[in-house]
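Engineer: I'd like to ask some things about the structure below.
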Amino acid sequence: MTQALGFFTPWIIYLLITFLHYFMPGRWVTGYVKHAETGELLRYKLNGRLVLFTCILLWLLVGFMGWVPYDWLYAIRWYSLAGAFVFGLVFSLWIVLPYPSTGRSLLLDIFLGRLENPQYKNGRIDAKMWLYLIGAVMLELNILSFVAHHYDVFGTISPGLLLGAAMLTYFIIDYLSFEKVHLYTYDFFAERVGVKLGWGCLTFYPYFYLIVIWATVNLPDPKTPLWVLVCYTLLFLLGWTLARGANMQKYFFKTSPKKAFLGIKPETISDGNKVLLVNGFWGLSRHINYLGEILMGTAIALIVGYPGVLWVWLYPLYYVALLLPRQLDDDKRCATKYGNLWQEYTQRVKYKIIPYLY
Ligand code: NDP
């Protein structure tokens, strides 16, 4: 019985998130990518933060009432992972197989997807935004439940674990607060919906991003000195500043090209037709935001205080493995899109990700 309940718990949560996302109020915004047939910019209904806070309140409520233990998602973690795994695969096949091939092999189509930006119910549900929302909320519920389990075992919460959980929570709230800015990212203009995005958001995101907490939740407080915790927190904040700063500067530039961001007036190069930013965050390296993500991942891995537990290193390593090829791919895409202007940019801003190093 527990196994079946555990297996279907993510299905129930995903359904609940969909219901909340669909029925709760949200703001309608115009995005960056265009409808494949009409050429009009797509519109999105966004209410991620509201859905997240509602789900956290529900988690607190059902725990407080004694209907579902606070640490339920910890207790059923393996069954729930299996349920999310199957749900992710079923969804991915459902969103790929009925649609015309892109000309690639079937396996590649299943992995990378066929539809570019599928929307349902007059745009009230955009597949990509829905996927990110589910992943983010489920990850947060998992974090809360794992921390509750740690508290049950030790009667207190290790400061490192608490800070790691807080950083991941901050990362989630930050993403859901800036949903609109993410409409301007690679996932929207360069990716389709297949296993990579579908299974990635429904299974990988809410469970793998938990790995640092998962691997150390049953370990006692490692008694990391306060000054070391402060250093790791500063590392996280530095990473966040680079990632969020670069994303916001680009977003401001694309939406109001002349407007200064954080006092940085946009400096640009142009070929008379297209324009690129060359100062501020975009003058440090061509993808300083990727360095920011890697630093945040490293800080989370370190702060729990068990660098000898190799599992925790999978988290920052995953970012390296994801973002290095993505940077090369994006560079190629931009070289085609911007032509000589991109050459000029790469001469002015020489480093790909890490200033003075790479
Ligand atoms: P970017 O936000 O860096 O977007 C790259 C695009 O920006 C380019 O394709 C180009 O698109 C435009 N661009 C590049 N250089 C310039 C310039 N100098 N001036 C103006 N426009 C430029 O990358 P992503 O979309 O990959 O990432 C977005 C964010 O999401 C990043 O912070 C990334 O780290 C984060 N991320 C987080 C993940 C996670 O799991 N936490 C996973 C993946 C990404 P255009 O055609 O519009 O000009």
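The values are calculated or read from the model by the stated rules, or taken from the named source; none is laboratory data. Since this is a predicted model, take the numbers as computed values, not measurements. Glycine also receives a Cβ, built like all others from the backbone with ideal geometry; neighbour counts cover every protein chain displayed.
Engineer: Find the residue count for the stretch 265-318, including only residues that are on the phi > 0 side of the Ramachandran plot and at pLDDT below 95.
Structural biologist: 2
Engineer: So VAL193 ticks every box in (1) in contact with a Pro (Cβ under 7 Å, 6 or more places away or on another chain); (2) more than 16 Å from the ligand (Cβ to nearest atom); (3) not charged (D, E, K, R) but one. Which box is left unticked?
Structural biologist: (2)
Engineer: Also: Suppose the filter is under 23 Å from the mean Cα position of the chain (by Cα), farther than 22 Å from GLU267 by Cα and aliphatic (A, V, I, L, M); does LEU357 pass it?
Structural biologist: No, not satisfied.
Engineer: Take the stretch 256-266 and flag every residue that is surrounded by 13 or more Cβ atoms within 10 Å (Cβ to Cβ) and either β-branched (Val, Ile, Thr) or more than 10 Å from the ligand (Cβ to nearest atom) (or both).
Structural biologist: Those that are surrounded by 13 or more Cβ atoms within 10 Å (Cβ to Cβ) and either β-branched (Val, Ile, Thr) or more than 10 Å from the ligand (Cβ to nearest atom) (or both): PHE261, ILE264.
Engineer: Keeping to the stretch 290-311, report how many residues are touching a residue at least 40 places away in the same chain (Cβ under 8 Å), over 15 Å from the mean Cα position of the chain (by Cα) and farther than 18 Å from CYS231 by Cα.
Structural biologist: Selection size over the stretch 290-311: 2.
Engineer: To continue, here is another question. Does VAL309 fit the bill of being in the same structural domain as VAL228 (by TED's automatic domain parsing) and within 12 Å of the ligand (Cβ to nearest atom)?
Structural biologist: Here the answer is no, as VAL309 does not meet what is asked.
Engineer: Which condition number in (1) surrounded by 20 or more Cβ atoms within 10 Å (Cβ to Cβ); (2) more than 9 Å from the ligand (Cβ to nearest atom) is the one that GLY272 fails?
Structural biologist: Only one criterion is unmet by GLY272, namely (1).
Engineer: Next question, about the same structure. Going through the stretch 331-358 one residue at a time, which ones are crowded, with 16+ Cβ neighbours inside 10 Å and free of Cβ contacts under 8 Å to residues at least 12 places away in the same chain?
Structural biologist: CYS334
Engineer: From the list LEU73, LEU46, LEU41, LEU52, which one is in contact with a strand residue (DSSP E or B) (Cβ under 7 Å, 6 or more places away or on another chain) and crowded, with 20+ Cβ neighbours inside 10 Å?
Structural biologist: LEU46
Conditions tested, residue by residue: (1) closer than 15 Å to THR18 by Cβ; (2) under 22 Å from the mean Cα position of the chain (by Cα).
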| position | (1), (2) |
| --- | --- |
| ALA82 | no, yes |
| PHE85 | no, yes |
| TRP94 | yes, no |
| SER101 | no, no |
| LEU106 | no, no |
| PRO118 | yes, yes |
| ASN122 | no, no |
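Engineer: Condition check: crowded, with 19+ Cβ neighbours inside 10 Å and more than 10 Å from the ligand (Cβ to nearest atom). Does PRO225 satisfy that?
Structural biologist: Judged against the criteria, PRO225 is not a match.
Engineer: Test of understanding: among LEU357, LEU291, LEU295, LEU302, which residue is more than 13 Å from the ligand (Cβ to nearest atom) and under 20 Å from MET167 (Cα atoms)?
Structural biologist: LEU302
Engineer: Identify, please: which residue in the stretch 145-182 is on the phi < 0 side of the Ramachandran plot and without any contact (Cβ under 8 Å) to a residue 40 or more places away in the chain and is, among those, nearest to the ligand (Cβ to nearest atom)?
Structural biologist: Among those residues, the one meeting the criterion is THR169.
Engineer: If you check VAL228 against the conditions, is it aliphatic (A, V, I, L, M) and not assigned by TED's automatic domain parsing to the domain that holds GLY292?
Structural biologist: Spelling it out, it is not the case that VAL228 is aliphatic (A, V, I, L, M) and not assigned by TED's automatic domain parsing to the domain that holds GLY292.
Engineer: May I pose another question? Given the residues PHE236, PHE253, which is the only one that is within 10 Å of the ligand (Cβ to nearest atom) and aromatic (Phe, Trp, Tyr)?
Structural biologist: The conditions single out PHE253.
Engineer: Please determine whether any residue of the stretch 329-338 is within 24 Å of ALA215 (Cβ to Cβ), in a helix (DSSP H, G or I) and not assigned by TED's automatic domain parsing to the domain that holds TYR209.
Structural biologist: no
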